[in-house]
1. Please give the net charge around ILE61, taking every other residue with its beta carbon less than 13 angstrom from that of ILE61, where Lys and Arg add +1 and Asp and Glu add -1.
2. Kindly provide the Kirkwood hydrodynamic radius of segment 1-71 in Å, to one decimal, from all pairs of distinct alpha carbon atoms.
3. Using just the C-alpha positions of segment 2-130 as equal point scatterers, what log10 of I(q)/I(0) does the Debye formula give at each q in 0.09, 0.14, 0.16, 0.17 1/Å?
4. Provide the convex hull volume over Cα atoms per residue for segment 148-220, in Å³.
5. Quick one: the Cα spread of segment 93-220 along its three principal axes, in angstroms, biggest first?
6. With both bridge residues required to lie in segment 52-167, what share of the DSSP beta bridges run antiparallel, to the nearest 5%?
7. Relative contact order for the chain: what percent, with Cα pairs under 8 Å and sequence separation of 6 or more?
8. Using a 1.4 Å probe on the protein chains only, how many percent of the accessible area of the chain belongs to carbon and sulfur?
Amino acid sequence: YKDAIKVVSVTESFKEKLISRGIDEKKIEIVTNGSNLELFYPREKDKELLEKLNLKDKFVIGYIGTHGMAHSLNFIVKSIAKIRNETIHFLFIGDGATKAEIIKMAKELNLKNITFLSSIKKEEVPRYLSICDISLAPLKKSDTFKTVIPSKIFEASAMQKPTLLGVEGESKKIIEKYNAGICFEPENEQDFIEKLKILNQDKIQYKKMQIGCQELSLNF
């Protein structure tokens with residue numbers, strides 16, 4: 001970093017960390033991830049997928065991405081067992097280190113409101129995101145993750161899908177600034193279920209969040 005002519009950081013938090021370690025702030029530029037508006041844009045729900053996955057008339061919470069150690073998906077699966085609303089359904093798409101573990105957990109809990117699919121191509125993501133009402137973006141509760149911005153919030157926002165965010169720090173500030181979703185305390189089961197209930201039941205707030213999503217995606 002010291003020898004580099006220019007340093008590009010993808011978050012404000014990373015820039016602050018570099019400055020605190022003695023890197024000249026004048027040579028650090030921030031270029032965040034953002035929305036690919038040619039690939040991700042508002043569209044009708046894909047009827048073929050809804051029929052195929054038996055998700056018609058469901059309120060779908062979608063998680064599309066790595067099922068890794070950091071993503072706290074075992075916490076999500078345990079919390080899903082407490083949800084009594086049969087219209088709410090979770091769609092998990094992707095692979096990773098914890099995939100087998102959470103599928104096993106879902107079977108042991110006899111969950112009927114969750115569907116697991118394998119990884120899909122990037123070009124296919126908008127089609128699957130179209131059938132989601134909410135995009136889920138959780139991480140483990142850790143100071144480390146306060147400095148990151150999950151890129152899925154930009155993709156979801158571009159399609160006017162509010163984010164249910166389980167991350168503190170910089171990404172939470174972005175979601176709250178634009179009202180592009182709602183944040184729950186990471187790994188807090190009660191808070192997760194309460195915030196999900198708001199998204200599911202408050203249709204006026206949901207519409208406002210869709211407008212916030214549009215603003216967020218245009219600014220990123």
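1. On the way: positive: LYS58, LYS152, LYS161, LYS195, LYS197; negative: ASP133.
Taking every other residue near ILE61 into account, the sum is +4.
2. 16.5
3. Rounded to two decimals, the profile gives -0.42, -0.78, -0.89, -0.95.
4. Value for segment 148-220: 71 Å³ per residue.
5. Per principal axis, max minus min of the Cα coordinates gives 40, 33, 31 Å.
6. Working: 0 of 16 bridges.
For segment 52-167, the DSSP antiparallel bridge percentage is about 0.
7. Values: 383 pairs, mean separation 46.9, N = 220.
Relative contact order for the chain comes out at 21 percent.
8. On the way: 5780 of 11760 Å².
Roughly 49 percent of what the probe reaches on the chain is carbon or sulfur.
The values are calculated or read from the model by the stated rules, or taken from the named source; none is laboratory data. Computed from a predicted structure; not experimentally measured. Positions of Cβ are backbone-derived with ideal geometry, glycine not excepted, and every protein chain shown enters the neighbour counts. Accessible surface areas use protein heavy atoms only, side chains included; no ligands, DNA or RNA. Shrake-Rupley method; radii C 1.70, N 1.55, O 1.52, S 1.80 Å.
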